[in-house]
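Below: the structure, in structure tokens.
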Amino acid sequence: MSIEMLQSEVSALSAGDRRKLMAFMVVLEDRGRTDYAAELARKIADKSPVNWVTPEQCERELGLSPEPQ
């Protein structure tokens, strides 16, 4: 099956089924990262504010907000 066929099939799914598919794909992606969960847990547990980012910094990093002028 081509990527175009997959995209067409996915666009026809309900919102709930698309969310299930996204979760499944994330699980598949994470299986290849052996230390990913441990590193993510370490970062979440970090109590040092110097290592934290603000919501605005996070949005900029993810490309969800415009760059400051």
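What the table below lists for this structure:
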{"read-out": "Spin-label model distance (nm) - ARG42 vs ARG60, 7 Å beyond Cα toward Cβ", "value": "2.6 nm"}
{"read-out": "Derived scalar couplings ³J(HN,Hα) [the stretch 2-13; Karplus, 6.51 cos²θ - 1.76 cosθ + 1.60; whole Hz; x for Gly, Pro]", "value": "7, 4, 5, 5, 4, 4, 5, 5, 5, 5, 7, 6"}
{"read-out": "Inter-site label distance for ALA23 and SER8 at 7 Å from Cα along Cβ, in nm", "value": "2.9 nm"}
{"read-out": "In order through the stretch 43-50: 3J(HN,Hα) via Karplus (6.51 cos²θ - 1.76 cosθ + 1.60), integer Hz, x for Gly, Pro", "value": "5, 5, 7, 4, 9, 8, x, 4"}
{"read-out": "J(HN,Hα) series, the stretch 22-38, from Karplus relation 6.51 cos²θ - 1.76 cosθ + 1.60, nearest Hz, glycine and proline x", "value": "4, 4, 4, 5, 5, 4, 4, 5, 5, 4, x, 10, 5, 9, 4, 4, 5"}
{"read-out": "Gyration tensor verdict on the chain (Cα atoms; rounded if a/c is under 1.5, prolate if a/b is larger than b/c, oblate otherwise)", "value": "oblate"}
{"read-out": "DSSP-assigned coil residues among chymotrypsin sites (Phe, Trp or Tyr not before Pro) in the chain, each with at most 14 further Cβ atoms within 10 Å", "value": "TRP52"}
{"read-out": "For the chain, size of Cβ-based charge dipole, Lys and Arg +1, Asp and Glu -1, in debye", "value": "280 debye"}
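Rule-based calculations on the coordinates, nothing more; no lab input. Given the structure is predicted, the values throughout are model-derived calculations rather than measurements. All Cβ positions, even for glycine, are placed from backbone atoms using ideal geometry, and neighbour counts span all protein chains on display.
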